1. In whole Å, what are the Cα extents of segment 1-74 along the three principal axes, biggest one first?
2. For the pair Leu161 and Leu64, what calculated FRET efficiency results from E = 1/(1 + (r/R0)^6), where r is the Cβ-Cβ distance and R0 = 45 Å, to the nearest 0.05?
3. Could you work out which residue, out of Gln35, Gln55, Gln90, moves most in a Gaussian network model of the chain, that is, has the largest mean-square fluctuation with Cα springs under 10 Å?
4. Considering only segment 108-239, what is the antiparallel percent among its DSSP beta bridges, to the nearest 5?
5. How far, in nm, would the chain grow between Leu10 and Asp226 when pulled straight, counting 0.36 nm per residue and subtracting the alpha carbon separation?
6. If each residue of separation counts as 0.36 nm, what is the full-extension length gain between Arg202 and Lys172 once their alpha-carbon separation is subtracted?
7. Choose one answer from Ser155, Ser43, Ser18: the residue with the largest mean-square fluctuation in a GNM of the chain with alpha-carbon springs under 10 Å.
8. Over segment 1-151, what lengths in whole Å, largest first, do the semi-axes of the equivalent ellipsoid take, defined as the square roots of 5 times the eigenvalues of the alpha-carbon gyration tensor?
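Where a number appears in this text, it was derived from the coordinates with a stated rule and is not lab data. Everything numeric here is computed off the predicted structure, so don't read it as measured data. For neighbour counting, all protein chains shown are included, and Cβ atoms are generated from backbone atoms with ideal geometry for every residue, glycine included.
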Amino acid sequence: MAPPAGRAALHERLKRASAQLEAKIQIATLELAEQNELLQRQSAEIERAAAAKSQFMANVSHELRTPLNIVLGSTRILLQGVSGALSEAQKRNVGRIDSNARHLLRTINEILDITRIETGRMPLRLSTFAVSDLVEEVLAEAELLSARSRLTLSSEVPKGLPRMHSDREKVKRIVLHFLSNAFKFTREGRVIVQVAYRASSRRFAISVADTGIGISATDHQRVFEDFRQLDESTTRLYGGTGLGLSISRRLATMLDGRITLKSALGEGSTFTLHLPRRLAQA
Ligand SMILES: Nc1ncnc2c1ncn2[C@@H]1O[C@H](COP(=O)(O)OP(=O)(O)O)[C@@H](O)[C@H]1O
Ligand SMILES: [Mg+2]
């Protein structure tokens with residue numbers, strides 16, 4: 001035990017230390033509050049910048065579409081020979097203008113879609129529908145794709161599924177996009193659409209599986225990035241804009257769902273859309 005004098009000194013020191021600590025805490029708290037405010041200001045700025053970017057993209061896209069439609073109208077007239085027959089070489093060149101203008105138009109439309117989603121101008125239209133009907137519809141539309149390929153297209157939809165309450169058009173668009181990719185990146189084998197419902201989580205899983213080129217694990221995240229195409233040479237061959245999956249992912253988020261991918265290089269791919277049976281209106 002310390003003598004009384006020592007105890008008093010100790011007490012003094014403790015008091016001083018505690019006062020110092022308190023002062024430090026006060027300063028730290030102030031600094032934290034300042035940093036918090038700064039962060040809030042910065043995040044508001046980022047939000048404003050993002051909104052401005054989306055608006056700018058929407059305007060630009062709109063301005064680009066008008067002249068592009070005129071270009072396409074003119075190439076069509078030329079190709080139809082309305083203004084005189086074209087030589088083979090002229091046809092080839094006009095054909096090239098036509099297909100590139102189409103590609104540009106697709107890209108612009110997809111950028112517009114992304115900005116619409118991001119600026120909240122793509123409203124949800126909810127309805128209650130049978131997923132089996134939707135799959136049938138999707139398959140009918142994909143017949144065209146499969147007719148041009150040597151792939152077999154089939155579906156597996158269990159009987160007695162509950163009806164889904166969601167934005168039918170958006171669900172369809174995502175599945176159709178999975179399908180168009182499946183056909184694009186599969187040379188032979190099959191493409192299959194499967195539906196599963198899990199009662200415990202009240203969630204649907206709609207998947208499109210192919211036996212195509214596959215995607216390596218390191219690229220599973222990247223394929224959902226804007227404008228991302230894995231292989232420049234093959235995608236030049238296959239066409240596309242690299243925006244389909246990023247739009248699909250955004251649409252899935254709007255529907256309170258998500259997209260998962262199972263794939264390995266050379267072993268086909270399965271894209272699955274997971275959705276709640278009932279989407280609650282926000
Ligand atoms: N079913 C698939 N099999 C193999 N690769 C795929 C498949 N679906 C998508 N990918 C890869 O992901 C990329 C991005 O897909 P997407 O966003 O739909 O763009 P796009 O179809 O315009 O190329 C594709 O370019 C391709 O590299
Ligand atoms: Mg695509």
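1. That works out to 104, 17, 7 Å along the principal axes.
2. Working: r = 43 Å, r/R0 = 0.95.
E(calc), rounded to 0.05, equals 0.60.
3. Checking each option, the largest mean-square fluctuation is seen for Gln35.
4. Working: 11 of 16 bridges.
Roughly 70 percent of the beta bridges in segment 108-239 run antiparallel, per DSSP.
5. Values: separation 216, 0.36 × 216 = 77.76 nm, distance 6.49 nm.
Contour length minus Cα-Cα distance gives 71.3 nm.
6. Values: separation 30, 0.36 × 30 = 10.80 nm, distance 1.93 nm.
Result for the pair: 8.9 nm of gain on full extension.
7. Ser18
8. Those come to 71, 24, 15 Å.
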